[in-house]
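The values are calculated or read from the model by the stated rules, or taken from the named source; none is laboratory data. Because the structure is a prediction, the values reported are computed rather than measured. Don't worry about glycine lacking a Cβ; one is built from the backbone with ideal geometry, like all the others, and counts go over all protein chains shown. Accessible surface areas use protein heavy atoms only, side chains included; no ligands, DNA or RNA. Shrake-Rupley method; radii C 1.70, N 1.55, O 1.52, S 1.80 Å.
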Amino acid sequence: MKLQPLFGRLICGLAMLLALGAGNGLAGDRGSSISLDANESPPFWSESMPNDGLCGEIVHAASEAVGLVSQINYKPLKRMIEDDSNNDLGNPEFYMGNQDFAAVVPVCIYHVGLFYYAPNHAEKVEVSRIEDLKGYKVGILKGTMVDDSLFTTAGVTFEESYSQESLFKKLIRGRVDLVIEIDLVGKKIIDRLFPAEHDNFVATTIPGSAMPIAVLISADYPDAERVGALYRLGMARIKQSGRYREILETYYGKGKVPDQMDEEMKRFEYIYSLVEDQE
């Protein structure tokens, strides 16, 4: 049994960690301000990072390119999930079942990764099927496993933790063999907690785990289609200027942005343009 389709259960849970709600604001004229409510999920969104993190920096750059100002305010995730009448930033699949949107504008892609600590393993760990996880203790963030029945049937053992930091501390101590985490989140935690051990951690991106992070403009928002068009235009401008690639390389490293990211972005842009056309 292939591993990749089963990770949909984890991806849906991990998507919650990147969920954002956006408050109402007036937009349309140059200099207009849009208030966006964010949940701390570094490096994608963080009040303590320059320009609000990776996706925050992209949103700010795209806004500036069309004369908008995006104000990001940080609030508890639960409050934003419960509010289904606002604009949202995050994984569209998480919101589209509860709300109608006039525009969905992808701004970035994230992937789910498998991490292990090489000194704890005599041989390279290779996982391509669910059966390959048998015999390993796999660390996951509590609440991100939507349905573990197929994994349990295959003999996979999970250990949940309440924080990502705890997962990677368990990994280096050998209390878990593998950790499943959003790729950039895991890499940032390793760099912060174990900078001297960076090269001893091995990260593998799960094929087919790409998910979009997008600006979603509520169908009820004033002048919603125009606001969405402005964000879309802003994204096009920063891509053309090279600013978008510069931001990605700030977080991935020079020349280390995944090769497939451009195609994945185009695919999701196409998918959500079709969704908008059907509205």
ask   = Excluding Ser70 itself, what net charge comes from residues whose Cβ is under 13 Å from its Cβ, given Lys and Arg +1 and Asp and Glu -1?
value = -4
request  = Give the relative contact order (percent, whole number) for the stretch 134-277; include only Cα pairs under 8 Å separated by 6+ residues.
outcome  = 16 percent
message = Shape verdict for the stretch 41-114, please, from the Cα gyration tensor: rounded (a/c under 1.5), prolate (a/b greater than b/c) or oblate.
response = rounded
query = Of the chymotrypsin sites (Phe, Trp or Tyr not before Pro) in the stretch 148-237, which ones lie in a loop per DSSP and count no more than 14 other C-beta atoms within 10 Å?
reply = Tyr162
remark   = With every protein chain kept in place and a 1.4 Å probe, the residues Leu193, Leu184 fall, from largest accessible area down, as Leu193, Leu184
ask   = Just the accessible area for Phe194, please: 1.4 Å probe, Å², rounded to the nearest 10?
value = 40 Å²
task = Please tell me the relative contact order of the stretch 112-209 in percent, rounded to the nearest whole number, where contacts are Cα pairs under 8 Å and at least six residues apart.
result = 43 percent
message = Let me make sure I get this right: for the stretch 112-209, a, b and c are the square roots of the gyration tensor eigenvalues over alpha carbons, sorted descending. Under 1.5 in a/c it's rounded, otherwise prolate if a/b > b/c, else oblate. Which is it?
response = prolate
message = What distance in nm lies between label points placed 7 Å from Cα along the C-beta direction at Arg129 and Asp223?
response = 5.7 nm
message = Could you check the spin-label model distance between Met96 and Ser32? Points 7 Å from the Cα along Cα→Cβ, value in nm.
response = 2.4 nm
query = Among Lys134/Lys187; Lys188/Lys239; Lys187/Lys254; Lys75/Lys239, which pairs are too far apart, with a Cα-Cα distance over 20 Å?
reply = Lys134/Lys187; Lys188/Lys239; Lys75/Lys239
task = Quote the charge dipole size of the stretch 152-279 about the Cα centre in Debye, to the nearest 20; the model charges only the Cβ of Lys and Arg (+1) and of Asp and Glu (-1).
result = 540 debye
query = Can you list the aspartates and glutamates whose alpha carbon is less than 20 Å from that of Lys256, not counting same-chain residues fewer than 8 positions off?
reply = Glu57, Glu181, Asp183, Asp191, Glu197, Asp199, Glu246, Glu264
remark   = Rounded to the nearest 10 Å², the accessible area of Tyr136 using a 1.4 Å probe with every protein chain kept is 60 Å²
remark   = Counting only protein heavy atoms with a 1.4 Å probe and every protein chain in place, the carbon and sulfur fraction of the accessible surface of the stretch 112-209 in whole percent equals 46 percent
request  = Return the loop-located trypsin sites (Lys or Arg not before Pro) in the stretch 62-145 (DSSP other than H, G, I, E, B) with at most 11 other Cβ atoms within 10 Å of their own Cβ; answer none if there are none.
outcome  = Lys124
key: Amide H partners (placed H, <5 Å) of Ile34, local residues excluded   = Val69, Ser70, Gln71
task = Roll a 1.4 Å probe over the protein chains and send me the accessible area per residue for the stretch 112-209 in Å².
result = 50 Å²
